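For reference, the structure is listed below as structure tokens.
The values are calculated or read from the model by the stated rules, or taken from the named source; none is laboratory data. Keep in mind the model is a prediction, meaning the values are calculated, not measured. A quick note on method: Cβ atoms are made from the backbone with ideal geometry, for glycine too, and the neighbour counts reach across all protein chains shown. Please note that ligands, DNA and RNA were not included when accessible areas were found on the heavy atoms of the full protein model with its side chains. Shrake-Rupley method; radii C 1.70, N 1.55, O 1.52, S 1.80 Å.
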Amino acid sequence: MEIILQIYEIIFNFALKLIFIMRKLLLAIGCCLWAVAISAQTIRDEIGRNTRYSAGIYMTYPGPIQQKLTPPPEGMKPFYISHYGRHGSRYQSRQKIYDAPYSILEAADRIHVLTPLGRDVLKRLDVIRRDAADRWGELTSVGAMQQRQIITRMVSRFPEVFDKECTVDARSTTMTRSLLSMENALVQLSALKPDVKIHHNATARDMPFLNQQDEDLFLLSEDSVTRAIYDAYVHKTVHPERLVASLIKDENFVRNHVDVYDFNNSLFRIASSIQNTDLSQQLTLYDLFTDNEIFDNWRVGNARWYITHGGFSLNGGGQPYSQRNLLRKIIEEADSCIRQPGSNVHLRYGHATVIMPLVCLLELNDYGLSTNDLYELERKQWADFRIFPMAANVQFVFYRRQPDDSDVLFKVLLNENEATLPLKSNMEPYYRWSDFKAYFLKKLEAYGGKRNEK
């Protein structure tokens, strides 16, 4: 009888444990499903809460979301930072972007077919054009401030790196907006750390890694098949008729003189860019669009950047490799600084067309996504404004215990927030530098073999 009771007790305890495990499993499954359901709405919710996110690459730099960084393993101290940053906020790079919608509304006004809202928008566009005149692509005061703030936080977060023996090597592309972004950061750094030794330059010699251009990949991104797919996506997603009708009341004028998709796109780009200028507190164009139109305009812009610089599989998925020279440079310079006893910083300043494919090449936060389905971007949380707003930056921060320490760790910050890499680590967000090199050198070599490159 006692044996039977013991057996019952064992069975009862096992059943209790099984019930407990099943409850935890069901709870975990429920949480996962809830998380998936919530995450599916995250991008729309973010843009709904803050319209400026819809600007994508024209969004002003938001600053770090993560205020407190994960402490390094005990005894590890930062000694080297490797950085690539996009220039700060700027004006639109071409006068045509400002002139195109203005010219259409001006022509409509001459024959008295503008609505009252259309006449008001014409006046607003005139103010915006005058503010941007002869400043095409130039850094704004907002962009200059962004760079000063980023370097200030870098010094504050990693003071051990910026000691009296620190050497800073800063490089910029030859574009004025990048050069001024670098200079604003360095002036601020000199004020904060006057003993730091700074070397800086902006020369065509550095362009092969600061702003690598790959004509073959560019042609693949813009081939006729890819363009047809994108155009079909735009026409299915964006519906500009309501917007145009709210500004121009003559349907014949619209039919004969207005490409409604181009008009909508130009107007939305201008609306998105205002936040980067001193006019941001004075006027807006976002009020012309409904919430759905704002989101849909973001979607097509996001898809466009994914096709041309991300892992879009229908054009080969190789666009991120356009920045293979920069990645090799990052690895080479890191190896050199690891061998040195002191602290060092590499600051590099360039463009969106570099930092975006670099992030995808590094597969940061799963942005190396490869798909042929543009609708999957939202489901996978692939959002351009999270990758490369104005002043976007990637920072590699290296740690060791002693100068001769062979076990070097590092972490990557994307826009000053800790990011994940496609590497195994029991110390995330920290990774072993040796693991990073092995993974990405192999990846680069495999691609080079495909292209018969060395």
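Observations
- Hydrodynamic radius of the stretch 312-454 per Kirkwood, over alpha carbon pairs, in Å: 16.3
- A probe of 1.4 angstrom, applied to the heavy atoms of all protein chains, finds Val260 with accessible area near 30 square angstrom.
- Computed P(r) (all Cα pairs; the stretch 106-149; 5 Å bins; percent): 5, 19, 17, 14, 13, 11, 10, 6, 3, 1
- Cα long-axis angle, helix 2-39 against the chain (0 to 90 degrees, to the nearest 10): 20
- Here is how the number arises for the chain: DSSP H runs of 4 or more residues each give -39500 (n - 2.57), the sum is divided by the residue count, and the result at 222 nm is -16500 deg cm²/dmol.
- In the stretch 134-183, trypsin sites (Lys or Arg not before Pro) in a DSSP loop with at most 14 other beta-carbon atoms within 10 Å: Arg135, Lys164
- Heavy atoms of Thr152 accessible to a 1.4 Å probe, total area in Å² rounded to 10: 50
- Ligands, DNA and RNA left out, the 1.4 Å accessible surface of the chain is 54% carbon and sulfur atoms.
- Modelled this way, with points 7 Å down the Cα-to-C-beta line, the labels at Gln95 and Asp163 are 5.4 nm from one another.
- In this structure, Asp126 and Arg242 have a Cβ-Cβ separation that, at R0 = 30 Å, corresponds to a calculated FRET efficiency of about 0.80.
- Relative to the current alpha-carbon distance between Tyr439 and Leu117, full extension at 0.36 nm per residue lengthens the span by 110.3 nm.
- Accessible area per residue in Å² at 1.4 Å probe, computed on the stretch 121-258: 53
- The stretch 314-364 pair-distance distribution - Cα-Cα, 10 Å bins, rounded %: 21, 46, 25, 7, 1
- Annotation note: chymotrypsin sites (Phe, Trp or Tyr not before Pro) in the stretch 319-398 located in DSSP loop regions with a Cβ neighbour count of at most 13 within 10 Å are Tyr375.
- Where Rh is the Kirkwood radius over Cα pairs, Rg/Rh for the stretch 261-353: 1.16
- Tilt relative to the chain, helix 352-362 - C-alpha long axis, 0 to 90 degrees, to 10: 30
- Among the listed pairs Lys123/Lys249; Lys329/Lys437; Lys164/Lys411; Lys380/Lys437; Lys77/Lys443, those beyond 20 Å (Cα-Cα): Lys164/Lys411; Lys380/Lys437; Lys77/Lys443
- The stretch 149-277: proportion of alpha-carbon pairs further apart than 23 angstrom, %: 63
- Förster radius 56 Å - calculated FRET efficiency between Arg110 and Asp366, Cβ distance, rounded to 0.05: 0.60
- Using the Cβ-Cβ distance between Gln402 and Ala204 with R0 set to 30 Å, the FRET efficiency works out to roughly 0.15.
- The chain - Kirkwood radius from inverse mean 1/r over Cα pairs (Å): 24.5
- Length gained when the stretch Tyr261-Ser141 is fully extended (0.36 nm per residue, less Cα-Cα span): 40.1 nm
- Taking other residues whose beta carbon is less than 12 angstrom from the beta carbon of Ala419, and scoring Lys, Arg as +1 and Asp, Glu as -1, yields -3.
- A probe of 1.4 angstrom, applied to the heavy atoms of all protein chains, finds Ile65 with accessible area near 140 square angstrom.
- Normalised by the number of residues in the stretch 191-299, the average gap of Cα pairs under 8 Å and 6 or more apart makes the relative contact order 23 percent.
- Against the empirical curve 2.2 N^0.38 Å, the C-alpha radius of gyration of the stretch 53-196 lands at a ratio of 1.47.
- With Cα atoms, 0 to 90° folded angle of helix 141-157 axis to the chain main axis: 10
- Considering the stretch 149-222 at the alpha-carbon level, its Rg and Dmax are found to be 15.7, 49 Å.
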